[in-house]
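Comments concern the structure below.
The values are calculated or read from the model by the stated rules, or taken from the named source; none is laboratory data. Everything numeric in this text was worked out from a predicted model, so none of it was measured. Note that we place each Cβ from the backbone using ideal geometry, even for glycine, and neighbour counts take in every protein chain shown.
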Amino acid sequence: MKLIGSLLGVLVSSRLIAVVLVLVGLTGTGFGQLNEHDYPLLPAGGWNILGPFSPRGTAMGETVLASPGPQAGYLNPAVLGLVNGSWIGFSGRYSSLSFAATDDLTDTPVSSFNRKSSDFDSAGSVISSGKWRISVGYSIYQNYEIPDLKLPSYYPQVYEQDGYLQRINLAVSTSLTGSLHLGFSLSYFTGDISRTVTYHYGLQDVTQTEDLDIDLEAFGFNFGVLYQAGDRWYFHLGFRPPVMLKADFKFARFYDGEKTYESSGRDSIQQPLAIILGCAFLPVEGMTLTADLSYWGWNHLGNYYYSEFYRPYPWRRRDTVKLNIGWEYLISISRKDPGYSLAIRAGYVFDSQPYNENESGWARNFLTAGLGISLKKLSLEGSAKIYLGSPKTNPFEGNTYYSNTFQLGAAYKF
């Protein structure tokens, strides 16, 4: 049986690798969405943000079954059923966000801009009682910080933006049988964006500035199912309905320092339906393979693409599919106690973007990797998520953001 399981593991991983290669090949000729600086609601890392991942989850390709802790409440609350005992965890994140500007007239890169930031990423706790799991957590859900952009003369000269969308989550999971778990979670979203666009008119030697402040608030929920098939297979299905963000905005325009116009009001902006199907497979002792396939309903948002003063989302959108793959191998570092181990992890993210500018589309691709050490009740983890692409040299990826992130975290079981 061990031999059969090993062969199945190799077969599954080989098929996943084949799928990845095909998808990469299909998107290799894709065009980037031009002028991503237009979108204040574009999170660092791309549009399809499900929720915060633990450093283990990030290292394993941001797969849901690789985050069976407080973060599971945001991703698929049924996955809390994998938690044994009660524990607390937290993580921090270092991000390097860049933007490569391309001259549309010559299709050549003209300049690049960078920004680095460090954030307290997430914190939470899981309490276990019989067949029930209850989780509460806080996280930075989406990061809207962008580098200060000084674009070519036919664009506004300077873009400056700061902002976050934070999330507080309460999740509950229960076991119907020993192998079937159901979960539900409720989230409260709150955040703000501060954005300034400055235009310089050289002939008149004058400056026009536009200041935009947006306060965001919303409630959302998601639920899921987790099924364990024997000792080697786990399957999960997660469902996140659309989230309606209330956006209170204030806008002011200045001409050579003198205010010439101001306005305020409220917009309603949706984030899309997301459906996630995934699995985990343990082909041999110490090894875990994970994979997720998710659907994002961007084309079904209605007309939430334009406000009076800004464009929160792309004008023309398409539904997208995202692929995540992860791998982990545990190495025992104590012959006497199996609670001491070292974990080596890696993964891949194929993140198709919702832009509908051409038939081939465009995707962000990432490699992930990380290490973890388990000291019985204490776990220490680190991860890296590296963008695969060359916006500085490839004009097809010009005028787009790209990011690399590094994450550190700890968890304690009590």
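So the values come out like this:
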read-out: Criterion: modelled with pLDDT under 95, over 15 Å from the mean Cα position of the chain (by Cα) and assigned to a helix (DSSP H, G or I) - qualifying residue of G69, G85, G89, G81; value: G81
read-out: Failed item, numbered, when Y305 is tested on (1) touching a strand residue (DSSP E or B) at 6+ places or on another chain (Cβ under 9 Å); (2) of a type outside the set (K, R); (3) modelled with pLDDT of 85 or more; value: (3)
read-out: Failed condition for R133, given (1) part of a strand (DSSP E or B); (2) more than 22 Å from L97 (Cβ to Cβ); (3) out of contact with any Leu (no Cβ under 7 Å at 6 or more places or on another chain); value: (3)
read-out: From the options L388, L378, residue that is free of Cβ contacts under 8 Å to residues at least 40 places away in the same chain, farther than 30 Å from R335 by Cβ, touching a strand residue (DSSP E or B) at 6+ places or on another chain (Cβ under 8 Å) and of a type outside the set (F, W, Y); value: L388
read-out: Hey, L180 touching a Leu at 6+ places or on another chain (Cβ under 9 Å) and not β-branched (V, I, T) or not; value: yes
read-out: Residue that is modelled with the highest pLDDT, among those in the range 308-325 that are surrounded by 14 or more Cβ atoms within 10 Å (Cβ to Cβ) and among the aromatic types (F, W, Y); value: Y313
read-out: Residues located in the range 118-156, provided they are among the small types (G, A, S) and either at pLDDT 90 or above or within 30 Å of A78 (Cβ to Cβ) (or both); value: S118, S122, A123, G124, S125, S128, S129, G130, S135, G137, S139
read-out: Single unsatisfied condition, G178 versus (1) more than 17 Å from P77 (Cβ to Cβ); (2) assigned to a strand (DSSP E or B); value: (2)
read-out: Inter-residue pairs, beta-carbon under 6 Å, first farther than 22 Å from L380 by Cβ and in the range 75-87, second of a type outside the set (S, T, Y) and not in a strand (DSSP E or B), 6+ apart; value: N76/V64
read-out: Given (1) out of contact with any Gly (no Cβ under 7 Å at 6 or more places or on another chain); (2) closer than 30 Å to L65 by Cβ; (3) buried (at least 16 other Cβ atoms within 10 Å of the Cβ), index of the condition G183 fails; value: (1)
read-out: Members of the range 385-414 found to be assigned to a strand (DSSP E or B), hydrophobic (A, V, I, L, M, F, W, C) and surrounded by fewer than 19 Cβ atoms within 10 Å (Cβ to Cβ), listed by number; value: I386, L388, F406, L408, A410
read-out: Residues of the range 357-378 satisfying the condition of being in a loop (DSSP other than H, G, I, E, B), out of contact with any helix residue (DSSP H, G or I) (no Cβ under 8 Å at 6 or more places or on another chain) and either under 22 Å from E62 (Cα atoms) or at pLDDT below 85 (or both); value: E357, N358, E359
read-out: Some residue of the range 243-261 being over 25 Å from Q161 (Cα atoms), touching a residue at least 24 places away in the same chain (Cβ under 8 Å) and not hydroxyl-bearing (S, T, Y); value: no
